[in-house]
1. Look at residue 77 and say whether it is more than 26 Å from residue 9 (Cβ to Cβ), within 16 Å of the chain's Cα centre (by Cα) and surrounded by fewer than 15 Cβ atoms within 10 Å (Cβ to Cβ).
2. Run residue 26 past the list (1) closer than 30 Å to residue 143 by Cβ; (2) modelled with pLDDT under 95; (3) within 24 Å of the chain's Cα centre (by Cα) and report the number of the one that doesn't hold.
3. Can you tell me how many residues in the range 84-97 are within 13 Å of the chain's Cα centre (by Cα) and surrounded by 14 or more Cβ atoms within 10 Å (Cβ to Cβ)?
4. So is residue 119 farther than 22 Å from residue 9 by Cα and either modelled with pLDDT of 95 or more or not assigned by TED's automatic domain parsing to the domain that holds residue 87 (or both) or not?
5. In the set 53, 75, which member is outside any helix (DSSP H, G or I) and touching a helix residue (DSSP H, G or I) at 6+ places or on another chain (Cβ under 6 Å)?
6. Would it be correct to say that residue 60 is in a loop (DSSP other than H, G, I, E, B), more than 20 Å from the chain's Cα centre (by Cα) and free of Cβ contacts under 8 Å to residues at least 24 places away in the same chain?
């Protein structure tokens, strides 16, 4: 019974994490919609200045260049993609909260798919955000595999 309780708490923790990711992206999507028919480039310049970033550096420059070319239609498309992503995360979070095996497998797959990309990014230049995200992702995927195994075996139905 103790193993069941700890697995339940762990799955609910991952469910909250997935739900929070969905909520964050949903809010970002709504925020994108506030820039329709507005000067997105001006807002981007202000953001770069507020964050004390050098606009001539590589990443701030990419961000500023993109903000000059993006259209209202593209903003709508990005907001729709954010909505879709959030819905998927909310479904996953609900499944994890209810301890559904399909949700555990789905979370393993959606978390595991990023591992090679994260490793590649770390090899291109390690930084604390890259390493932290990678470590968190490895921990979540490893825990979910542990939970699947603990609750009846990874390869059993």
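The values are calculated or read from the model by the stated rules, or taken from the named source; none is laboratory data. Nothing here was measured: the structure is a model prediction, and the numbers come from that model. A quick note on method: Cβ atoms are made from the backbone with ideal geometry, for glycine too, and the neighbour counts reach across all protein chains shown.
1. Details: more than 26 Å from residue 9 (Cβ to Cβ): yes; within 16 Å of the chain's Cα centre (by Cα): no; surrounded by fewer than 15 Cβ atoms within 10 Å (Cβ to Cβ): yes.
Criteria not met by residue 77.
2. Among (1) closer than 30 Å to residue 143 by Cβ; (2) modelled with pLDDT under 95; (3) within 24 Å of the chain's Cα centre (by Cα), residue 26 violates only (2).
3. Number satisfying all stated conditions: 7.
4. On the way: farther than 22 Å from residue 9 by Cα: yes; either modelled with pLDDT of 95 or more or not assigned by TED's automatic domain parsing to the domain that holds residue 87 (or both): yes.
The answer is yes for residue 119.
5. Details: 75 fails: outside any helix (DSSP H, G or I).
Answer to the check: 53.
6. Details: in a loop (DSSP other than H, G, I, E, B): no; more than 20 Å from the chain's Cα centre (by Cα): yes; free of Cβ contacts under 8 Å to residues at least 24 places away in the same chain: yes.
Answer is no for this residue.
Per-residue answers, yes or no, for (1) touching a strand residue (DSSP E or B) at 6+ places or on another chain (Cβ under 8 Å); (2) assigned to a helix (DSSP H, G or I); (3) within 19 Å of residue 31 (Cβ to Cβ); (4) not assigned by TED's automatic domain parsing to the domain that holds residue 20:
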residue	(1), (2), (3), (4)
84	no, yes, yes, no
89	no, yes, yes, no
92	no, yes, no, no
134	no, yes, no, yes
137	no, yes, no, yes
140	no, yes, no, yes
147	no, yes, no, yes
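The rows are residues; the columns are (1) in contact (Cβ under 8 Å) with a residue 40 or more places away in the chain; (2) out of contact with any strand residue (DSSP E or B) (no Cβ under 8 Å at 6 or more places or on another chain); (3) outside the structural domain of residue 75 (by TED's automatic domain parsing).
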residue	(1), (2), (3)
7	yes, yes, yes
10	yes, yes, yes
23	yes, yes, no
43	no, yes, no
52	no, yes, no
